[in-house]
Amino acid sequence: MVEFGNLKLNYLRLKKEIDKATKEVFESGWFVLGKQVEEFEKEFSDYCGKKFGVGVGSGFDALNLALKALNIGKGDEVITIPNTAIPTVAAICASGATPRFVDVKEDYLIDVEKIEQTITEKTKAIMPVHLYGRVCDMEKILEIAEKYNLKVIEDCAQTHGAEFKGKKVPIGEIGCFSFYPSKNLGAYGDGGMIVCEDEKLKEKLKFLRNYGQVDKHRVFFHGINSRLDELQAAILRKKLGRLEEDNEKRGKIAEKYNLNLKGVKVPVENPLTKSVYHLYVIRSENRDELMKHLKEQGIGCAIHYLIPLHLQEAYKFLGYKEGDFPVAEKISKEILSLPIYPELKEGDIERVCGAVNDFVF
Ligand SMILES: Cc1ncc(COP(=O)(O)O)c(C=O)c1O
């Protein structure tokens, strides 16, 4: 058996530090938005090379509140991709804005050549998704955003520590992260953060995550309850110290897969970027049979994501149809994610490669 993921192994590896950190929080008697959150906001925004961090309840909330803080909502359009995780698009819809899709390239990331033709007078922002740990062509995206006066909100939920030309994401001014347990930097519950450069935006986000209250007695904005808690922040601070090392481990596993897998397409690293391999995604024209074969061999695998969002029931109202985003549609039929996490052992990697290489359609 090789499991697709195992978060218990992650806890056991860090048990001593985590137990100490959580005990301190329990004993402090302070559980929501306190010293741990403040320190973690500083440490994580520093790590990303950004001035400010605002801890929130999830990656979804980070995206949604970033849109709200920028006054993007009803009547506005936000450009993103159709092969992302559901929350990217759910967050745009929750803000009241309309998602407009741009197809991706074979590398799973937004096709920057197709962005301009999707911009209308209603477009207010581009939400590039750094999918699977890979980083989009941010130079081109920022150039287009400047030309059309658009905001750029990077969905960094899958790319803690990933780089473009030696600089960590987000490459623009605003990045939204998820700390869902299975992420490269994962809490033991939900969590998220917006990192940004603008102090006013940071202030507004802090109000918005706490009902819009500006102090104990006054409310200026329509906010929500999306506060990062002290336990998660304390855990994340410990795990942040291991992030670089863990990302390196993911990179080494990917290298071994790249070298040893036969008969499937493996991910190609863009020389301008450094992927953090949140997911290791291969391609096969016989994906469903390969998946069945791997499961029979006791190898965990998964599809990220099976149905492109423009074809999902919930997003039919956007008016797209099959054939509108041919690359995303083709990719969705071929992709398969193999196990990749820091605790994966040498023998597990060999077993995965053996099982994939054994597959004869
Ligand atoms: C690309 C992407 N965006 C946004 C999110 C939302 O994060 P969360 O699960 O913390 O709401 C996720 C993770 O689920 C994701 O993978």
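All of the numbers you see were taken from the coordinates with simple rules; none came from a lab. Just so it is clear, the model here is predicted, and its values are computed rather than measured. Cβ coordinates were reconstructed from backbone atoms using ideal geometry, including for glycine residues, and neighbour counts include every protein chain displayed.
A crude spin-label estimate for the pair Tyr148 and Trp30, with each label 7 Å from Cα along the Cβ direction, gives 4.5 nm.
Could you please report the charge total around Ile307, scoring K, R as +1 and D, E as -1 over all other residues with beta-carbon less than 15 angstrom from its beta-carbon? After counting each charged neighbour, the total is -1. Short to long, the 5 Å bins of the Cα pair-distance histogram for the stretch 243-358 hold 2, 11, 19, 20, 17, 13, 9, 6, 2, 0 percent of all pairs.
Below 8 Å between Cα atoms, with a sequence gap of 6+, how large is the relative contact order for the stretch 96-178 in percent? Averaging sequence separation for qualifying contacts and normalising by length gives 25 percent for the stretch 96-178. Taking other residues whose beta carbon is less than 13 angstrom from the beta carbon of Lys316, and scoring Lys, Arg as +1 and Asp, Glu as -1, yields -2. Largest first, the three principal axis extents of the alpha carbons in the chain are 67, 53, 37 Å in whole numbers. Under 17 Å Cα-Cα from Lys114, which aspartates and glutamates qualify once same-chain neighbours fewer than 8 residues away are excluded? Within the straight-line cut-off, Lys114 pairs with Glu77, Asp103, Glu106, Asp137, Glu139, Glu143, Glu146, Asp324, Glu329. When the pairs Lys20/Lys151; Lys8/Lys124; Lys147/Lys274; Lys140/Lys200 are compared against a 30 Å limit on Cα-Cα distance, Lys20/Lys151; Lys8/Lys124 fall above it. As a length-normalised measure over Cα pairs under 8 Å and 6 or more apart, the relative contact order of the stretch 141-194 settles at 28 percent. For the stretch 83-207, what does the alpha-carbon gyration tensor say about shape, rounded, prolate or oblate, given a ≥ b ≥ c as the root eigenvalues, a/c under 1.5 as rounded, and a/b over b/c as prolate? It is rounded, given that a/c, with a ≥ b ≥ c, falls under 1.5. Summarising the strand pairing of the stretch 7-240, around 55 percent of its internal DSSP beta bridges are antiparallel. Normalising the average separation of contacting C-alpha pairs (under 8 angstrom, six or more residues apart) by the number of residues puts the relative contact order of the stretch 243-358 at 37 percent.
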